[in-house]
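In what follows, a single structure is set out as structure tokens and then discussed.
The values are calculated or read from the model by the stated rules, or taken from the named source; none is laboratory data. The structure presented is a predicted model; accordingly, all values stated were derived computationally and were not measured. So basically every Cβ, Gly included, is an ideal-geometry build from the backbone, and we count neighbours across all protein chains shown. We work out accessible area using only protein heavy atoms, side chains counted, and drop any ligands, DNA or RNA first. Shrake-Rupley method; radii C 1.70, N 1.55, O 1.52, S 1.80 Å.
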Amino acid sequence: MVNTTPKRIIVAYSSSSTYVSTTMEYLLSLKKFTKFDVDYVHVTGGAQVNFDLNEYDVIFHSYCCRLILDDYVSDSYKQALLNFRGLKIISVQDDYDRTARLHQELRRLGFHVLVTPVPCDFWHLAYPASELPGLRIVNALTGYLPEGLLDRRPSIVPLDERRVSVAYRGRNLGPKYGRLGFDKYEIGRRMAELCSARNIPHDIAMDDASRIYGKAWFEFLGASRTMLGCESGSNLFDFDGEFEKTIEQFEAAQRRKATYEEFEDVTRPIEASFDMGQISPRAFETAMMMTPMILFRGNYSGAMEADAHYLPLEKDFSNVDEVLSKVGDTEYLAAMADRAYRHLIRPEKYGYQAFGRMIEETILEEFPKRVDPRWIEFRAKTHRLNSSAKAVQGTLVQEAATDLPLDAVTLFRNSTQGTTEFQHNMPAQGGADFQHKTAVPRPERLAKHYPFAFWAYKRLPMPLRKRVRRHLGI
């Protein structure tokens, strides 16, 4: 009897994204919270896949490997994916960027399942069956409550001892992501002006230099009496990338950054067809720190209710006086923070175990439908196709499946060790080791022979760049 039960999963990811804690948690959840044997492979920046993907039953292509970007996901991996005969799953988050290009890649590479935060009410617009026949679509959040986060959080400071009344970290995204993108900047800008005018203690910033990561971020949350926020995502679906090009042409002609207001009349009719407002992982982190939230009124993936779990601020600031009057009422705020905590800090509903359970159920349901059992029987009789393949020397990076994801810092460091092959061993779960082999040129040739390492480095936030340079002594 042919066994049609999947056992092994290979997760395709980009090491240039694993410095973001939510991305790493997302990747690791598939190993922690599914019953499958899960390995990982880095597939961006010219990486060469030097093993047969068909040794696995399922491939899970993570959202951090964006197929819409030119020359980002490696051709070697794409060819291996075309030759893969198992179940193909892809997760996407920035669905609104070059959506038609994404459609093309989904069809060409033969994905069976799409995991997306797009609400089901809008699947017919974002992923119509006429464009993607046979595609199974599954809804998921953009981020979940990380495992063990409560054990790692700093001590909770009582609200009446927190000296910063209103806090926020955001950024100016310009017009590219429409109104929801603009909200990330506008809520901070307007509230900073109002707090300054009323002498309300605040710590609000929207520049990249002020962004906070890691433990310092949770300390920031825990020191703030309230935290501003808004929905994540975008309602502006730029199917062909034409709007992005229009912005680039405008900025080149004007020699300055475009503003949302300058394109609002263009974007508003397009955005009217969608309601993509998502709950951000920040909401879980803020609730965990017992910090009340002041949020623009929205849907938040249906996970939070205004007045029950957050203080709703109208986008025209018409109720800002009422909202700010409650900033000093710590008893009222504490009750709201407690409700948000009890509602959101539920691993069984909003934790990564819920995500893992959903993925596992989807695999068990779809695998028998999508994979020919005759191929499963044939694959069981075959050996690893390239087990004796020799590592390519010179300009290529050979990617082997690993037990855990690597990060860009590790790859960058490995790429500067000299001209000989560098072998990196890391202890894996269960005490086994995995090997990541790289043919490394001299540092002065790195940009030419290892463009992916510089590609990853240049896209790190400035604090991470400094960390990399200090770590490498360059």
Span from the segment 20-55 Cα centroid across to the segment 200-262 one, whole angstrom: 29
query: With θ set to phi - 60° and the Karplus curve 6.51 cos²θ - 1.76 cosθ + 1.60, what are the ³J(HN,Hα) couplings of segment 222-231 in order, to the nearest whole Hz, using x for Gly and Pro?
result: x, 9, 10, 6, 9, 10, 6, x, 7, 5
- request: Run the dipole for segment 230-360 about the Cα centre, Lys and Arg Cβ at +1, Asp and Glu Cβ at -1, nothing else charged, and hand back the magnitude in debye, nearest 20.
  value: 540
- request: Scan around residue 98 for amide H atoms under 5 Å from its own, H built in the peptide plane at 1.01 Å from N, and keep only partners 5 or more places away or cross-chain.
  value: 238, 241
query: Arranged from highest to lowest average of other beta-carbon atoms within 10 Å per residue, in what order do the peptides 273-282, 229-238 appear?
result: 229-238, 273-282
- prompt: Which of the peptides 114-120, 361-367 is most tightly packed, and how do the rest follow, going by the mean number of other Cβ atoms within 10 Å of each residue?
  reply: 114-120, 361-367
- request: Could you compute the FRET efficiency for residue 262 and residue 35, with r as their C-beta to C-beta distance and R0 at 41 Å, rounded to 0.05?
  value: 0.20
message: With a 1.4 Å probe and all protein chains kept in place, how much accessible area does residue 193 have, in Å² rounded to the nearest 10?
response: 100
query: Share of segment 228-319's accessible area from carbon and sulfur, percent, 1.4 Å?
result: 46
message: At 7 Å along Cα-to-Cβ for each site, give me the label-to-label distance between residue 136 and residue 306 in nm.
response: 3.8
- prompt: So what are the ³J(HN,Hα) numbers for segment 285-297, from phi and the Karplus equation (6.51, -1.76, 1.60; θ = phi - 60°), rounded to whole Hz, Gly and Pro as x?
  reply: 5, 5, 4, 4, 7, 6, 9, x, 10, 9, 10, 4, 4
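Tell me, what is the per residue accessible area of segment 67-222 in Å², probe radius 1.4 Å?
44
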- request: Please give the peptides 177-186, 82-91, 240-249 ranked by average Cβ packing (other Cβ atoms within 10 Å per residue), highest first, as a rough proxy for protection.
  value: 177-186, 82-91, 240-249
- request: Starting from the Cα of residue 108, move 7 Å in the Cα-to-Cβ direction to define the label point; list residues of segment 115-143 whose amide nitrogen is under 18 Å from there.
  value: 131-133
message: What are the ³J(HN,Hα) couplings of segment 254-260, residue after residue, when phi is run through the Karplus curve with 6.51, -1.76, 1.60 and θ = phi - 60°? Round to Hz, x for glycine and proline.
response: 8, 6, 7, 6, 6, 10, 4
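Counting only heavy atoms of the protein chains, get the accessible area per residue of segment 267-319 (1.4 Å probe) and round it to a whole Å² value.
I get 33 Å² per residue for segment 267-319.
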query: Expressed in nm to one decimal, what extension gain is obtained for the pair residue 361 and residue 150 from 0.36 nm per residue of sequence separation less their Cα-Cα distance?
result: 73.3 nm
- line: Toy charge model, Lys and Arg Cβ at +1, Asp and Glu Cβ at -1: segment 16-110 dipole around Cα centroid in debye, rounded to 20, equals 240
field: Virtual spin-label span in nm between residue 213 and residue 125, 7 Å along Cα→Cβ
entry: 3.5
Pairwise FRET efficiency - residue 322 versus residue 200, Cβ, R0 = 25 Å, nearest 0.05: 0.95
message: Can you find, among 330, 303, 319, the residue sitting farthest towards the positive end of the charge dipole of segment 296-349, where Lys and Arg contribute +1 and Asp and Glu -1 at Cβ?
response: 303
